[in-house]
1. From the list 43, 52, 25, 79, which residue is at pLDDT below 95 and of a type in the set (A, V, I, L, M, F, W, C)?
2. Taking the criterion of being of a type in the set (D, E, K, R) and open to solvent by less than 60 Å² (accessible area, probe 1.4 Å), would at least one residue in region 85-92 satisfy it?
3. Restricting to region 55-66, what's the tally of residues that are in contact (Cβ under 8 Å) with a residue 40 or more places away in the chain, open to solvent by less than 50 Å² (accessible area, probe 1.4 Å) and not aliphatic (A, V, I, L, M)?
4. So if I check each of 73, 90, which one is without any contact (Cβ under 8 Å) to a residue 40 or more places away in the chain and assigned to a helix (DSSP H, G or I)?
5. For residue 109, all conditions in the list (1) at pLDDT 90 or above; (2) open to solvent by 50 Å² or more (accessible area, probe 1.4 Å); (3) closer than 27 Å to residue 23 by Cα; (4) over 12 Å from the mean Cα position of the chain (by Cα) hold save one; what is the number of the exception?
6. As an exercise: evaluate residue 78 against (1) without any contact (Cβ under 8 Å) to a residue 60 or more places away in the chain; (2) open to solvent by 80 Å² or more (accessible area, probe 1.4 Å); (3) not in a helix (DSSP H, G or I) and give the number of the one condition it does not meet.
7. Could you give me the residue pairs with C-beta distances under 8 Å whose first residue belongs to region 169-183 and is closer than 20 Å to residue 149 by Cβ, whose second residue is modelled with pLDDT under 90 and among the acidic types (Asp, Glu) wherever it lies, and which are 6+ apart or on separate chains?
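The values are calculated or read from the model by the stated rules, or taken from the named source; none is laboratory data. Because the structure is a prediction, the values reported are computed rather than measured. When we count neighbours, we look across all protein chains shown, and the Cβ atoms used for this are built from the backbone with ideal geometry, even at glycine. Heads up: the accessible areas ignore ligands, DNA and RNA and are worked out on the full protein's heavy atoms, side chains in. Shrake-Rupley method; radii C 1.70, N 1.55, O 1.52, S 1.80 Å.
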Amino acid sequence: MGKLRITYNAPVVLTFTIAAVAVFLLCQLAPSLQPWFAAWPHLIDARSYVGLVTHILGHASWEHLIGNFMLILLIGPILEERHGSRPLLLMILLTAVVTGLANLALSQHALVGASGVAFMMILLASMANMRGGEIPLTFLAIALIYLGGEVVHSFRSDGISHLAHLVGGAAGAAFGFLAAKPRQARLANPAKLKLPAA
């Protein structure tokens, strides 16, 4: 049996996790940096614009960070292997921007945390085996359980941004449908195998 070695198997997910932990520790040491890692309900200064993306790195507590990244570290590497590092990075950044803009338009509170990204990954993963003309029952079950629960909980005042969860989930569903189209096209028109001449 050969030697086992540790590999940096999911560079986007691992770098995202390390960055979030570093930001959390940095903000504990220098609380004045926290506003740079929040999506604000108003666009006033540079922090407001930067925060539309960087809010996914900021977290209110260690428990908040662990809750989000347990899911991201569980699902993210599978998605990164399936879709590729660059596409997953783009999905994460787009989810951050859309979630930040939704918070800007519909909320009166600052938003921190990667829960929108976690919900995006949950919905995206539930569509992994989607085929032409079919909607996986697992996707419908996840959408009903997770997003339905968020709609119900959105009427509570619990300090959790259920809006971010809903927007992240919707982004994951959209990415899943978009990713399924090229896959369906490849299945419909498989490339002809070229055999080497004898």
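1. That would be 43, the only listed residue that is at pLDDT below 95 and of a type in the set (A, V, I, L, M, F, W, C).
2. Checking region 85-92: not a single residue is of a type in the set (D, E, K, R) and open to solvent by less than 60 Å² (accessible area, probe 1.4 Å).
3. Number of matching residues: 3.
4. None of the other options fit; the residue is 90.
5. (1)
6. For residue 78, the exception is condition (3).
7. 169/150
Residue by residue, here is whether (1) free of Cβ contacts under 8 Å to residues at least 24 places away in the same chain; (2) surrounded by fewer than 13 Cβ atoms within 10 Å (Cβ to Cβ); (3) assigned to a loop (DSSP other than H, G, I, E, B) holds:
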site: 2; (1), (2), (3): yes, yes, yes
site: 8; (1), (2), (3): yes, yes, yes
site: 12; (1), (2), (3): no, no, no
site: 19; (1), (2), (3): no, no, no
site: 23; (1), (2), (3): no, no, no
site: 27; (1), (2), (3): no, no, no
site: 32; (1), (2), (3): yes, yes, no
site: 41; (1), (2), (3): no, no, yes
site: 50; (1), (2), (3): yes, no, no
